Amino acid sequence: MILPKLRTNLDFIVSPVRDRPGLLIRDFFRYSDATLIVPPLLIPGLLLFDGTRTDLDLQAELTRSMGSAEIGDTAKYLIEALSRAGFLEDETHANLKLGRRLAFTKSPVRQAAHAGSAYPEETGPLRDLMQQYLGGAASTQKGILGIAAPHVSPQGGWQGYRAAYKELTPDLRDRTFIVLGTSHHGQPDRFGLTRKPFETPWGKTRIDQALVAELEAQPAALPEDYCHAVEHSIEFQVVFLQAIYGANVRVLPLLCGSFGSSMHSGGFPEDDDHVKRFLSALGEIAEREKERLFWVLGVDMAHMGLRFGDKFAARANRDEMNTVKERDNLRIDRINASDARGFWDLVKENQDDLKWCGSSPIYTFMKAVPQAHGTLHRYEQWNIDENSVVSFAGISFSSGTSRAAANPIGVGSCTL
């Protein structure tokens, strides 16, 4: 029997469960709710699920890795466990995928995907938590047109969120908030849209349907992109906006693909004609509607350390991460100076070895609102686990010239 392929769009991490070592596997797209921990001796067998090997090959490999010919039905059990979980490219996965996508299409709302895990699912505890995160903060600028906030778990990045969201003032309440989020799992040169209101513990947002319809006409648009169903980069911004302005805040949620094609070619995102047309259309909206829009970027920056494929254990604000901080701040300087090409030139270095997962929303914003200059309010690095670090910042944007950092650079040490 030819073994099915193991899906490539799964999340693989070292098991965090002390008494269950191995490789933890879960589904980015949430077609499956299953989580598997593959024991260390079985991990070599996963490499054989490539669509060319057989169950006999797997039997031989597990015999070698386990150091015994007496492995019984281990190979059979491994195949069955992966299939039941929806982790193989087989009929089980196809049915799970179809069911989840149909459910998203039919749902009248975009349901909260991270309530109960990244933040409380009950309004009382959520209100208390948001008061803790945002209480007492005061704006330092007037007339801002946008902010950049993290999209890490609010528990880990609340000081970065606070640095950005404290700049929002009551007069912005009736604006349409264009929320640009990183599409972690979407197509690289496409923009994901949805007409579904976001439903969180606070209640339902409104969607600026007219602007969504205008952007849907672009060839680079993905209407009702399923990635919205699982993506956190916009959901977390919506929760903060609702905490400030109420449940029915009006948003235009827009997921930005990675622009990976331009990264590999050494060019710029707009070298793709469809991307260029989309950025132009968004820029026309930005200029025409500027008095009723406000921009929110849900972005993280560098991802360094063992978890992200580097060969070193990363420690926030130590060793290699001091160099990362210097390079991060060079990019932030280009953002604040409204230098889109200069920013992308830095991103392209070594095909973005810093692994900024917020580059595409930032670049999209810079092209759509070229007059926006930024002010850095807080920069952080923190360990997502003991060997890996994520960096992020709180930035505000105005149509004036950029200013120096409003607050000292912060240091984060929280965990996700």
(request) Could you calculate the contour length gain from Glu386 to Glu70, that is, 0.36 nm times the residue separation minus the distance between their Cα atoms, to one decimal place in nm? (result) 110.0 nm
(message) Testing the spin-label approximation: label points 7 Å from Cα along Cα→Cβ at Leu41 and Asp339. State their distance in nm.
(response) 5.8 nm
(request) Residues in the stretch 191-205, backbone N under 17 Å from the label point at Ala213 (7 Å along the Cα-to-beta-carbon vector): list them, ranges by number please. (result) 193-197
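Output the Kirkwood hydrodynamic radius of the stretch 219-261, Cα pairs only, in Å rounded to one decimal.
On the way: mean 1/r = 0.0834 Å⁻¹.
Averaging 1/r across every pair of different Cα atoms and inverting gives 12.0 Å.
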(request) First select every other residue whose beta carbon is under 11 angstrom from the beta carbon of Pro197; then total the charges, Lys and Arg +1, Asp and Glu -1. (result) +4
(message) Modelling each spin label as a point 7 Å along the Cα-to-Cβ direction, I'd like the Thr63/Glu91 distance in nm, to one decimal.
(response) 3.0 nm
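Which pairs, out of Lys97/Lys196; Lys311/Lys367; Lys97/Lys325; Lys97/Lys166; Lys196/Lys348, put more than 29 Å between their alpha-carbon atoms?
Lys311/Lys367; Lys97/Lys325; Lys97/Lys166; Lys196/Lys348
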(message) Quick check: convex hull of the Cα atoms in the stretch 253-323, volume per residue, rounded to a whole Å³?
(response) 154 Å³
(message) For the stretch 33-162, report the % of Cα-Cα distances exceeding 26 Å.
(response) 55 percent
(request) On a C-alpha basis, how far is the centre of the stretch 302-337 from the centre of the stretch 80-157 in Å? Whole number, if you could? (result) 25 Å
(request) Mind computing the radius of gyration and Dmax over the alpha-carbon atoms of the stretch 177-258? Å is fine for both. (result) 11.9, 35
(message) Students often forget the sequence filter, so: which lysines lie under 19 Å Cα-Cα from Lys76 once same-chain residues fewer than 8 apart are removed?
(response) Lys5
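Starting from the Kirkwood radius over alpha-carbon pairs of the stretch 120-163, derive D by Stokes-Einstein at 4 °C in a medium of 1.567 mPa s and give it in µm² s⁻¹. Intermediate values should be presented prior to the final figure.
On the way: Rh = 11.8 Å.
Calculated translational D: 110 µm²/s.
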(request) Go ahead and run the numbers for FRET between Leu23 and Gln351, Cβ-Cβ distance against an R0 of 25 Å, rounding to 0.05. (result) 0.40
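Okay, helix-only estimate at 222 nm for the chain: each DSSP H run of n ≥ 4 adds -39500 (n - 2.57), divide by all residues, round to 500 deg cm²/dmol; what do you get? Intermediate values should be presented prior to the final figure.
On the way: 14 runs with 151 residues, N = 416.
-11000 deg cm²/dmol, from helical runs alone.
Give me the percent relative contact order of the chain, please, defined on Cα pairs under 8 angstrom at least 6 residues apart.
Details: 827 pairs, mean separation 68.1, N = 416.
16 percent.
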(request) Provide the per residue accessible area, probe 1.4 Å, for the chain, rounded to a whole number of square angstrom. (result) 43 Å²
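Pairs of Cα atoms under 8 Å, at least six residues apart: use those to get the relative contact order of the stretch 41-180, whole percent.
Working: 73 pairs, mean separation 17.9, N = 140.
That works out to 13 percent.
The values are calculated or read from the model by the stated rules, or taken from the named source; none is laboratory data. Model, not experiment: these values are computed from the prediction. Neighbour counts run over all protein chains shown; Cβ positions are idealised from the backbone, glycine included. Side chains included, ligands, DNA and RNA excluded: accessible areas come from the protein's heavy atoms. Shrake-Rupley method; radii C 1.70, N 1.55, O 1.52, S 1.80 Å.
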